[in-house]
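Report on the following structure.
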Amino acid sequence: MSAPDRVMLFDVDGTLVDSNDAHARAWVETLSTFGIERDVAAARRLIGMGGDKLLPTLTGISADSELGREISKQRSHHFRRTYRDGLRPFSDTRPLFLALRERGVRLAVASSSDEEDLQKLLETAQVADLVERRASKDDADRSKPDPDIIQAALARLGHPRPARASMVGDTPYDVEAAQKAGIPAIGFRCGGWSDDELAGAVVIFDNPADMHAHLDRALAA
């Protein structure tokens, strides 16, 4: 079954690359250097939304404040220095993308990461050469679960409201952003969220390998 007019947008962290725990630890360890103690589990529940929303939700500190900007900058440095190069893709990520392209699916990325991290993460996932368009937090006023990043990715594909677009992600924030953008969401469990927490996704797979093994089901979603 070919899908020449089909568009799929993918989240990256927790969806293509096993990075959610690393992001949570980077936040908690950075906050600790500012004298702010938070539990890794609490931070982990917020990974998937942009840092502009995560920081105030976790600490009450505005991301636009002087302190918030300094924390965010140090968090980025700490993540890159300590964790980023050690990340690994989930199994079958590249074969999934190759199979989708063979079916005529146009592939794009809609991620809350900044552009520098996004490029490195796509290289880690071994799909940087297979993605037609991408949108990061640098391309949107508001991060997930607002729909701005998804809308930016769709616009870059030349289809601001494609009839056959879907968003693939691992968190409730991806699902909510897709719903706000008016497109269906496909959920992945590999980010650590349960099916109940991914409620609203039209179909849920374990990970990229599971979606690759059930490609017709994914394309019918």
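The values are calculated or read from the model by the stated rules, or taken from the named source; none is laboratory data. As the structure is a prediction and not an experimental result, all values here were calculated from the model. Every residue, glycine among them, receives a Cβ derived from its backbone with ideal geometry; neighbour counts consider all protein chains shown.
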## Note on the structure
Note on the stretch 183-221: residues surrounded by 19 or more Cβ atoms within 10 Å (Cβ to Cβ) and among the small types (Gly, Ala, Ser) are Ala185, Gly187, Gly191, Ala201, Ala218
### Query
Considering only the stretch 42-64, how many residues are in contact with a helix residue (DSSP H, G or I) (Cβ under 8 Å, 6 or more places away or on another chain), farther than 19 Å from Asp138 by Cβ and of a type outside the set (Val, Ile, Thr)?
7
### Query
Within the stretch 179-212, how many residues turn out to be in a helix (DSSP H, G or I), over 13 Å from Gly14 (Cα atoms) and without any contact (Cβ under 8 Å) to a residue 40 or more places away in the chain?
4
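Restricting to the stretch 97-112, and then to whatever is part of a loop (DSSP other than H, G, I, E, B) and buried (at least 22 other Cβ atoms within 10 Å of the Cβ), can you tell me which residue is modelled with the lowest pLDDT?
Looking at residues that are part of a loop (DSSP other than H, G, I, E, B) and buried (at least 22 other Cβ atoms within 10 Å of the Cβ), I get Ser112.
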### Query
Just for the stretch 62-96: of the residues that are among the basic types (Lys, Arg) and touching a residue at least 12 places away in the same chain (Cβ under 8 Å), which one is surrounded by the most Cβ atoms within 10 Å (Cβ to Cβ)?
Arg75
### Task
Return the only residue of Thr57, Thr33 being touching a residue at least 40 places away in the same chain (Cβ under 8 Å) and over 22 Å from Arg94 (Cβ atoms).
Thr33
### All positions within the stretch 10-48 that are of a type outside the set (A, V, I, L, M, F, W, C) and not in a helix (DSSP H, G or I)
Asp11, Asp13, Gly14, Thr15, Asp18, Ser19, Gly35, Glu37, Arg38, Asp39, Arg45, Gly48
#### Entry: Cross-chain or 6+ apart pairs with Cβ under 7 Å, the stretch 123-144 first and in contact (Cβ under 8 Å) with a residue 24 or more places away in the chain and closer than 14 Å to Val12 by Cα, then hydrophobic (A, V, I, L, M, F, W, C) and in a loop (DSSP other than H, G, I, E, B)
Thr124/Leu87; Ala125/Val12; Ala125/Leu16; Val127/Leu16; Arg133/Leu157
